[in-house]
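Structure first, then comments.
The values are calculated or read from the model by the stated rules, or taken from the named source; none is laboratory data. Small disclaimer: the values here were computed from a predicted structure and weren't measured. Here the Cβ is made from the backbone with ideal geometry for all residues, glycine too, and neighbour counts use every protein chain on show. Please note that ligands, DNA and RNA were not included when accessible areas were found on the heavy atoms of the full protein model with its side chains. Shrake-Rupley method; radii C 1.70, N 1.55, O 1.52, S 1.80 Å.
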Amino acid sequence: MLHHERLKPPQDYTPDEWSLLEKRFHPEFIAQTEALFALANGYFGMRGAPEEGGPCVQSGTFVNGFYETWPIVYGEEAYGFARTGQTMLNVTDSKIIRLFVDDEPFDLASANLRYYERRLNMKSGTLDREILWKTPSGKEVQVKSRRLISFHQRHMAAISYQVTLLNAEAPVVISSEMVSPQPGVKPSEADPRQAKIFAGKVLQHRASYAQNRRIVLAHGTERTQMILACAIDHDLKTDCPHSYKTSYTEDSGQVVFTIDARPQHPIYLYKYMVYHTSKTATSDAVCRRAEWTLDRVVGQGLDKLLAEQEQFMEEFWQRSDLRVSNIRAERTRLTTVELQQAIRVNLFHILQASAKAENNGVPAKGLTGQAYEGQYFWDTEVYLLPFLIYTSPQTAKNLLRFRYGMLDQARVRARELSHRGALFPWRTIGGEEASAYYAAGTAQYHINADIMYGLRKYVNATGDEEFLFECGAEMLVETARLWYDLGFFSARKGGKFCINGVTGPDEYNTVVNNNTYTNLMARENLRYAAETVEALQIKKPEVLQALIRKTGLDLAEAEDWRRAADNMYVPFDAATGIYPQDDSFLDREPWDFKNVPEDRYPLLLFYHPLNIYRHQVIKQADVILAMFLLGHEFSLEAKRRNFEFYDPLTTGDSSLSSCIEAIIALEIGEFDKAVSYGRAALLMDLADVGGNVKDGCHIASMGGTWMLFTYGFGGLRDYDGRLSFRPQRSPEEQSTLQFPLTYRGQVLDVHISPDSTTYTLRQGKELVICHEDEVISLTQANPAVIRPTLKP
């Protein structure tokens with residue numbers, strides 16, 4: 001059920017398969033376009049505000065994992081509550097380039113624009129803009145800019161800013177600036193998803209200096225003791241007479257170029273921007289690193305940066321591009337070009353959120369905004385990892401290794417809650433639990449199983465047993481210990497293993513007994529831990545001994561884990577064939593959907609939690625998500641019955657629901673619903689379905705879009721690493737779908753047409769897959785196989 005179907009993108013956003021194209025300046029959509037036109041590389045990012053510094057809602061620049069903490073204040077304290085909040089900071093804005101012609105400032109909000117085009121170019125990985133400005137005195141000024149954040153050199157960003165007077169001469173001033181941000185306006189306290197705004201100055205001056213056209217600023221945080229160095233340098237090319245002046249303060253810097261511009265004589269300003277951070281180095285050391293990076297990159301020039309960026313993007317699309325054709329616009333309300341554009345925008349933003357997130361996680365909004373404080377959730381493992389595993393496995397591995405780096409803190413957190421083992425934080429940046437509302441935070445113990453589910457998918461798809469044994473096994477031991485300690489064998493449930501007092505994915509039903517999703521995922525976690533220990537006994541006894549020394553593992557524990565898994569209690573109502581979301585879900589009063597107006601959603605903004613918790617109403621897919629992730633555990637009929645029951649109860653208040661509901665709808669033959677939910681997932685940001693893209697893009701939903709096409713329409717399933725395909729399509733469907741998958745170092749291309757499916761081994765020696773129920777072997781000698789596409 002969708003209560004926010006604003007599924008029409010703004011006018012003048014011309015569809016283009018490879019670009020997000022804005023043909024007219026839209027002041028009413030400034031906040032939304034700042035997120036959609038953001039650039040990032042996973043290490044740092046910049047919102048899509050104009051170079052001139054405004055107009056903007058938040059000209060945000062964010063460095064992944066650069067954060068400050070703050071004490072969480074409770075009206076009533078209790079033992080074990082999270083004590084410290086964590087917020088990713090808006091850091092030094094270095095992209096500002098102000099333009100003055102005849103001493104008149106160029107301001108998008110008031111300028112007489114004769115031409116305007118802005119393009120998020122997904123082939124070049126750049127943000128390009130071209131403007132024709134007619135000044136009050138009638139002079140025509142052409143402004144072209146190109147902005148990039150390098151995927152090849154993770155600390156580096158650059159801007160090419162070209163100014164050409166077309167019909168007259170005039171004095172031109174270009175002021176290149178950098179400024180450390182001041183605290184912003186406090187957000188609405190009614191929306192807990194928005195980021196905290198600090199009351200005082202957060203970034204404290206550590207160093208500032210300049211030399212020629214280079215400025216370096218360093219700032220630090222008080223509580224986390226992190227250092228940020230931002231440095232800029234410039235290269236101006238023109239045959240017009242010019243000069244420059246450099247100045248700086250503790251919190252800002254400015255290089256002002258004065259040019260006697262002549263008509264048809266372009267002025268080229270190349271601005272280079274560098275960000276370095278450290279938790280341990282001195283400010284002087286971090287400043288030196290920033291300068292070393294500038295020395296190298298400025299010497300190489302912008303052309304090399306652009307060439308590297310294009311090469312990176314070409315390689316990304318070769319292994320990631322998902323293509324569609326022959327779309328029936330009357331059904332989807334999208335043309336083929338619009339659909340293709342939307343797919344690529346989603347995949348491009350995932351890339352920007354994750355590519356260089358080395359030693360960090362992926363914030364819920366990527367680096368497009370500060371909502372959810374820039375923290376990391378389960379989104380990564382459940383919604384992003386599948387795409388990364390099958391397109392960029394090294395990035396997936398980095399993210400799992402980052403979780404491994406939190407293991408000691410997770411052990412501490414488990415002890416705080418009187419558990420054995422480890423409990424990963426529900427939301428965090430630095431590794432400690434930062435969720436102030438335990439009922440919908442700490443109680444979501446399923447985070448442990450989600451991470452281990454992602455680990456298993458990664459290992460199966462890559463064959464990387466070295467990582468499993470080096471890092472994964474230790475995480476498995478500690479998470480399995482947590483589940484075994486948390487649950488118990490209940491005499492009242494026939495000796496079944498029960499897990500009480502937890503919250504599943506659905507945050508509208510909290511602290512419940514035997515959440516079906518949690519129990520099923522915990523069972524997978526326990527089984528995988530037991531299997532891994534058993535495998536180590538046979539394959540790697542020396543690794544097992546090291547694991548025993550590190551964790552104090554008793555081999556009898558693995559037997560306990562398997563016994564708990566084999567006896568896991570899974571709620572089931574035989575009379576209806578429904579898997580209740582938890583023990584008491586079916587006893588609750590249904591929510592009065594008919595008499596609640598659409599403008600009262602999302603419910604969390606308009607109703608006290610207790611009001612919501614008493615009812616049968618769902619924020620996001622819960623049982624239905626389990627039926628996707630563990631689909632081999634359920635019959636097709638069970639999926640159909642449960643979808644029909646839970647679908648009307650699901651509000652769509654979470655961006656994480658639409659993609660999952662679409663996948664299950666496809667599997668059970670509900671094609672109209674699948675298209676409706678699929679559109680909502682695909683356009684979550686482009687059409688601002690939830691009304692909050694201004695706060696940043698929904699990166700997890702974007703990952704869900706990839707799953708919608710591959711797992712949904714493509715019918716991909718990968719239980720235990722075995723690739724199988726059962727393409728899903730309605731009888732009258734004429735569209736085609738193509739996508740690549742990287743599996744154990746090999747590349748498989750899948751092409752699904754109305755009547756046939758072609759599997760091609762693009763790279764590799766041999767790959768065994770399943771089409772429908774047929775086992776197929778692809779080899780170098782016979783790399784392609786065509787099979788009929790079955791229709792319902």
### Query
So is D295 of a type outside the set (V, I, T), surrounded by fewer than 17 Cβ atoms within 10 Å (Cβ to Cβ), assigned to a helix (DSSP H, G or I) and modelled with pLDDT of 95 or more or not?
yes
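With under 13 Å from the mean Cα position of the chain (by Cα), of a type in the set (F, W, Y) and either surrounded by 21 or more Cβ atoms within 10 Å (Cβ to Cβ) or closer than 21 Å to L39 by Cα (or both) as the only criterion, which of Y390, Y383 stands out? Steps first, please.
On the way: Y390 fails: under 13 Å from the mean Cα position of the chain (by Cα).
The conditions single out Y383.
Mind listing just one residue for me: the one in region 433-460 that is among the aromatic types (F, W, Y) and under 19 Å from L610 (Cβ atoms) and, of those, surrounded by the fewest Cβ atoms within 10 Å (Cβ to Cβ)? If you could, list the steps in order and put the result at the bottom.
The initial filter retains those residues of region 433-460 that are among the aromatic types (F, W, Y), namely 437-438, 445, 453, 458.
Subsequent filtering for residues that are under 19 Å from L610 (Cβ atoms) retains 437-438.
Details: Y437: 17, Y438: 19.
Per the stated criteria, the residue is Y437.
Each row is one residue, and each column tells you yes or no for (1) in contact with a Ser or Thr (Cβ under 6 Å, 6 or more places away or on another chain); (2) open to solvent by 20 Å² or more (accessible area, probe 1.4 Å).
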| residue | (1), (2) |
| --- | --- |
| R717 | yes, yes |
| R722 | no, yes |
| P731 | no, yes |
| T757 | yes, no |
| C770 | yes, no |
### Message
Report every pair of residues separated by at least 6 positions or lying on different chains whose Cβ atoms are under 9 Å apart, first residue within region 732-759 and farther than 12 Å from N326 by Cα and assigned to a loop (DSSP other than H, G, I, E, B), second at pLDDT 95 or above and aliphatic (A, V, I, L, M).
### Response
R744/A461; R744/L767
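Is it fair to say G764 is closer than 22 Å to D464 by Cα, open to solvent by less than 30 Å² (accessible area, probe 1.4 Å) and either without any contact (Cβ under 8 Å) to a residue 12 or more places away in the chain or under 28 Å from the mean Cα position of the chain (by Cα) (or both)? Outline the logic, then answer.
Details: closer than 22 Å to D464 by Cα: yes; open to solvent by less than 30 Å² (accessible area, probe 1.4 Å): yes; either without any contact (Cβ under 8 Å) to a residue 12 or more places away in the chain or under 28 Å from the mean Cα position of the chain (by Cα) (or both): no.
Considered against the rule, which asks whether it is closer than 22 Å to D464 by Cα, open to solvent by less than 30 Å² (accessible area, probe 1.4 Å) and either without any contact (Cβ under 8 Å) to a residue 12 or more places away in the chain or under 28 Å from the mean Cα position of the chain (by Cα) (or both), G764 comes out as no.
Of all helices (runs of 4 or more DSSP H) completely enclosed by region 316-417, which ones contain at least 1 residues that are of a type in the set (A, V, I, L, M) and at pLDDT below 95? Before the answer, list the steps.
On the way: elements: 329-332, 336-354, 385-391, 393-404, 407-416.
Those helices (runs of 4 or more DSSP H) span 329-332, 336-354.
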### Query
small (G, A, S), within 33 Å of the chain's Cα centre (by Cα) and surrounded by 23 or more Cβ atoms within 10 Å (Cβ to Cβ) - does that describe any residue in region 109-128?
yes
### Task
From (1) at pLDDT below 95; (2) in a loop (DSSP other than H, G, I, E, B), pick out the condition that doesn't hold for D720.
(2)
### Summary
Residue count, region 251-304, condition of a type in the set (D, E) and touching a residue at least 60 places away in the same chain (Cβ under 8 Å), comes to 4
### Query
Looking at (1) in a loop (DSSP other than H, G, I, E, B); (2) crowded, with 20+ Cβ neighbours inside 10 Å, can you tell me which one G253 breaks?
(1)
### helices (runs of 4 or more DSSP H) completely within region 577-657 that count 3 or more residues being open to solvent by 10 Å² or more (accessible area, probe 1.4 Å)
609-613, 636-646
### Query
With G42, G48, G53, G65 as the choices, which residue is on the phi > 0 side of the Ramachandran plot, in a loop (DSSP other than H, G, I, E, B) and either modelled with pLDDT of 95 or more or within 19 Å of the chain's Cα centre (by Cα) (or both)?
G42
### Task
Take the residues in region 405-420 that are among the small types (G, A, S) and surrounded by fewer than 21 Cβ atoms within 10 Å (Cβ to Cβ), then tell me which one is nearest to the chain's Cα centre (by Cα).
G405
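Out of the residues in region 305-363 that are of a type in the set (V, I, T) and over 19 Å from the mean Cα position of the chain (by Cα), which is surrounded by the fewest Cβ atoms within 10 Å (Cβ to Cβ)? It would help to see each step written out before you state the result.
Start the filter on region 305-363 by keeping residues that are of a type in the set (V, I, T), which leaves 324, 327, 332, 335-337, 343, 345, 350, 362.
From the residues that got through so far, the ones that are over 19 Å from the mean Cα position of the chain (by Cα) too are 324, 327, 332, 335-337.
Values: V324: 21, I327: 19, T332: 18, T335: 13, T336: 19, V337: 15.
Out of the qualifying residues, it is T335.
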### Message
So for region 82-103 (the condition being crowded, with 22+ Cβ neighbours inside 10 Å, among the polar types (S, T, N, Q) and more than 20 Å from I30 (Cα to Cα)), does at least one residue qualify?
### Response
yes
